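Working notes, beginning with the structure itself.
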Amino acid sequence: MSRSYVAIYQNKESNYFLYFDFKKHEFFSVAERQNQSKILLISFVSIVFYALMKNVSFGMAINPLKILLIVSILGIMLGYISIKLTNRGIEKGLEHRKEVVHPTNQELREYLFEGKKQFNVLVFIILFLFLCVFLSAVFLYFMPQSVLMFLVNIGFWAISILVTWLIRPIKRSQAHKQLEEKLEKHSG
């Protein structure tokens, strides 16, 4: 589950990410694929799923705290499995799509400046996802028989954990700090 690299910048026009590898001390870029059709498919399936599940409920009395514990465990397990599968998929195709780059100090400054702004947005997204976990847990607490809220809470747990792992906020801030210090040494 441990990766030695972290994204420090995303170029949205050219649709590529710039990564910094801690072990090799090198930068590389990876072109990302467009997932427009997948987004449309997921949106359609979500609407159909909601229409089918909105009135479905468990037919028994359930202690809300027990259901929250079960949902949390299932969501965390699903998040962990998602991380393992995602990591396997990334590592499998990375060497074919990876292109080592050597940015100049000026380019690196620009990447770090823009990357820091992007990082703040991504941290906000992580916080928003965990707020969604909390809110869905509150709804589930008051509606423990709702199958839809049960599944939504599991999904929010898994997505929050996977997104946090993908963004790697602590490693990313360490990479920014390390690279900024390196730039200060070169310019000073």
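Read the figures in this text as sums done on the coordinates, not as results from a lab. What you see is a predicted model, and the numbers here were worked out from it, not measured in a lab. Positions of Cβ are backbone-derived with ideal geometry, glycine not excepted, and every protein chain shown enters the neighbour counts.
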| Per the helix-only calculation at 222 nm, which mean residue ellipticity applies to the chain, given -39500 (n - 2.57) for every DSSP H run of n ≥ 4 and division by its residues, nearest 500 deg cm²/dmol? | -24500 deg cm²/dmol
| task | Pop out the ³J(HN,Hα) list for the range 144-153 in order, Karplus 6.51 cos²θ - 1.76 cosθ + 1.60 with θ = phi - 60°, rounded to Hz; leave Gly and Pro as x. | result | x, 7, 6, 5, 4, 5, 4, 5, 4, 5
| remark: In cubic angstrom per residue, the convex hull of the chain built on its Cα atoms measures 133
| task | Pairs of Cα atoms under 8 Å, at least six residues apart: use those to get the relative contact order of the chain, whole percent. | result | 32
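Given Cα pairs under 8 Å that are at least 6 residues apart, what percent is the relative contact order of the range 77-188?
Values: 50 pairs, mean separation 47.1, N = 112.
Across the range 77-188, relative contact order equals 42 percent.
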| note | For residue 12, counting only aspartates and glutamates whose alpha-carbon sits under 18 Å away and dropping same-chain residues fewer than eight positions off, the answer is 32, 99, 107, 110, 114
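Sorted by packing (mean other beta-carbon atoms within 10 Å per residue), highest first, where do 71-78, 86-93, 114-121 land? Before the final figure, lay out the partial values.
Working: 71-78: 17.0, 86-93: 11.4, 114-121: 15.0.
Packing order, densest peptide first, comes out as 71-78, 114-121, 86-93.
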| said: Could you derive backbone 3J(HN,Hα) for the range 119-136 from the dihedral phi with the Karplus parameters 6.51, -1.76 and 1.60 (θ = phi - 60°), listing whole Hz in sequence and x where the residue is Gly or Pro? | reply: 4, 4, 5, 5, 5, 4, 4, 4, 4, 4, 5, 6, 5, 5, 4, 4, 5, 5
| note | Fewest-first ordering of 26, 181 by Cβ atoms within 10 Å yields 181, 26
| query | residue 5's amide H: which non-local residues (gap 5+, or another chain) put their own amide H closer than 5 Å, with H modeled 1.01 Å from N in plane and none for Pro or chain starts? | reply | 22
| note | Using alpha carbon centers only, the range 133-188 is separated from the range 1-72 by a whole-angstrom value of 10
| task | Determine ³J(HN,Hα), in whole Hz, for all residues of the range 13-30 in sequence, where each value follows from phi through the Karplus function 6.51 cos²θ - 1.76 cosθ + 1.60 and θ = phi - 60°; x replaces Gly and Pro. | result | 5, 8, 6, 9, 10, 9, 10, 10, 9, 5, 6, 8, 6, 9, 9, 8, 10, 9
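May I ask you to sort 98, 38 by Cβ crowding, counting other Cβ atoms within 10 Å and putting the fewest first? Display every interim value, and only then the final one.
Numbers: 98 15, 38 10.
Fewest-to-most ranking of 98, 38: 38, 98.
Quick check on my link table: of 117/182; 98/171; 98/182; 38/182; 38/84; 54/116, which ones sit more than 29 Å apart, alpha carbon to alpha carbon?
On the way: 117/182 20 Å; 98/171 20 Å; 98/182 24 Å; 38/182 40 Å; 38/84 21 Å; 54/116 40 Å.
Over 29 Å apart, Cα to Cα: 38/182; 54/116.
Based only on the alpha carbon positions, what is the Kirkwood hydrodynamic radius of the range 63-162, in angstrom?
Numbers: mean 1/r = 0.0621 Å⁻¹.
About 16.1 Å, per the Kirkwood formula over Cα pairs.
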